[in-house]
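Contents: one structure, followed by commentary.
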Amino acid sequence: MTVLETPLRTRHVSLALIALAMGGFAIGTTEFMTMGLLEEIADGIQRTNAETGHLITAYAFGVVIGAPIIVSLGARLPKKGLAIGLILALGLGNAITALASGYLPVMAARFVAGLPHGAYFGVASLLAASLVRPEMRGRAVSSVMLGLSVATVAGVPASTLLGQSLGWRSAYWAVLGIAAAAALMIFVFVPHSPANTGASVRGELSALKQPQVLFAVAAGMVGFGGLFAMYSYIAPIVTKVADLDAGWIAVFTLAFGLGSVVGSWAAGLLADWDVERSVLAGFIATPLVLVAFYFAAAQVVPALVLVFAVGALGSIVAINLQIRLMDAAGEAQMLGAALNHSSLNIANGLGAFFGSVIIQAGHGYRATSLVGVVLATLGLAIFIVGLRYQRRSEPVPVPA
């Protein structure tokens, strides 16, 4: 290898990772912008805010259902082509949303838009890992997820402003444009990957028989719900607990987004150091931060710092759990990575649900942090049990 070949190679890998991250940016934008445009969409389809909130649930159901099915059926396809097809399908789902008229058609469109979500991150993670040396795999995977985190800081606020200015449908048309740009970049910069002719639906689904896959999915599904138990109600916490103007909500969501970006960057370094210890550290720190938030929620600066920390810890846990699932899934690594996003979307629903239960019981919005403590601690316990099971299942080395 000549001296000139190294920067060219580095530039090519960087552009390929940026292309894959662009797909994550499109997904992150469409996933979260519905929350910011909820009132505009509700007026447009003539439903209440509560009813319109079910559109968010429909998207999450699409993620949960689509990830294992699409990955299993597409296991034999070239990964580059599959990634392009999935991100274009996401764009199509957003176009259908923009064209749909009425409550049920829009809800069905959001379900369709959610189907490629988890599958895309599954195949994109494998593509990213294949572009670098094994010791840099964590940073490559985290770079794909960084696109999703950046979307919470840039894509979601921009699309919200667009939807408020030009109508909510314009925001979904914009996501179509982002998805098309991502597909083009992947086509140009990501190298060709041969088809895995030996893959099969049964082979991919065999990952579900691996105990460590099930432990990791359960840990994410329960433990990550701790984050959403609190963050799902950040708006009323800001206005009713901290007694701040509604304009402060954007400041808190920005703090969370910036934390997610920093956490995604750190997660790659931590994963290349030690995936298991990184998940443990994230799960241990999350309940501590949520307890602190319970006591500091009414104080602006401490609450902002803690929301930033929650965003960072969420990314660290999510990305390292994804790599853990890829390792535990054996030959079905793509399904393992995709399952992580199914579990996180279930966590979203579980956290919001248990948070609503505690609010309706009269304990107030601040108490959602304590619900988060319980869920995050349970997630930690499940992960530890999984590690102990793994240690006991490992063969004992025979002395020479």
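Within the assembled protein chains, the solvent-accessible surface assigned to Arg76 is about 130 Å², based on a 1.4 Å probe. Annotation: extensible slack from Ile69 through Asp274 equals 70.8 nm (criterion: 0.36 nm per residue apart, minus Cα-Cα distance). Heavy-atom accessible area for Ser149, with the other protein chains in place and a 1.4 Å probe, reaches approximately 10 Å².
Just the protein heavy atoms count here, and of the accessible area of the chain at 1.4 Å, carbon and sulfur take up 69 percent.
Note on exposure: Asp243, Asp274, Asp327 ranked by accessible area (1.4 Å probe, complete protein assembly) read Asp243, Asp327, Asp274, with the most exposed listed first. Surface exposure of segment 183-337, expressed per residue as accessible area with a 1.4 Å probe, stands at 41 Å². Ranked by the mean number of other Cβ atoms within 10 Å of their residues, highest first, the peptides 106-117, 150-161 fall in the order 106-117, 150-161.
For the chain, the relative contact order is 24 percent, taking Cα pairs closer than 8 Å that sit 6 or more residues apart in sequence and dividing their mean separation by the residue count. Here Leu387 and Ser165 are evaluated by their C-beta separation; at R0 = 60 Å the FRET efficiency comes out at 0.75. For segment 98-125, backbone nitrogen atoms closer than 20 Å to the point 7 Å from Arg76 Cα along Cα-to-C-beta are found at 123. GNM on the chain, alpha-carbon springs under 10 angstrom: the most fluctuating residue among Leu335, Leu131, Leu90 is Leu131.
Relative contact order, percent, of segment 261-313 when contacts are C-alpha pairs under 8 Å separated by at least 6 residues? Once normalised by length, the contact order is 44 percent. The length gained on full extension between Ala180 and His363, counted as 0.36 nm times the residue separation minus their Cα-Cα distance, comes to 61.3 nm. Under Stokes-Einstein, with the Kirkwood radius over Cα pairs as Rh, the value for the chain at 4 °C and 1.567 mPa s is 61 µm²/s.
Averaging 1/r across all pairs of distinct Cα atoms in segment 285-339 and inverting the result yields a Kirkwood radius of 12.7 Å.
Highest-first packing order for the peptide set 168-179, 283-294 is 168-179, 283-294, based on the mean count of other beta carbon atoms within 10 Å. Between Ile284 and Ser14, what FRET efficiency follows from the Cβ-Cβ distance if R0 is 30 Å, with the result rounded to 0.05? Rounded to the nearest 0.05, the efficiency is 0.35.
For the chain, complete DSSP H runs whose alpha carbons reach 27 Å or more along their own long axis and whose mean Kyte-Doolittle score is 0.5 or higher are 5-36, 54-73, 79-99, 103-130, 168-189, 248-273, 275-296, 300-328, 333-358, 368-393.
Treating r as the C-beta distance of His192 and Ala298 and R0 as 41 Å, the FRET efficiency rounds to 0.15. Around Phe187, what is the net charge, scoring Lys/Arg as +1 and Asp/Glu as -1 over all other residues with Cβ under 15 Å from its Cβ? So the environment of Phe187 carries a net charge of +2.
The values are calculated or read from the model by the stated rules, or taken from the named source; none is laboratory data. All values derive from a computational prediction rather than experimental measurement. Cβ sites come from the backbone with ideal geometry, for glycine too, and all protein chains shown count toward neighbours. All accessible areas refer to the heavy atoms of the entire protein, side chains included, with ligands and DNA or RNA removed. Shrake-Rupley method; radii C 1.70, N 1.55, O 1.52, S 1.80 Å.
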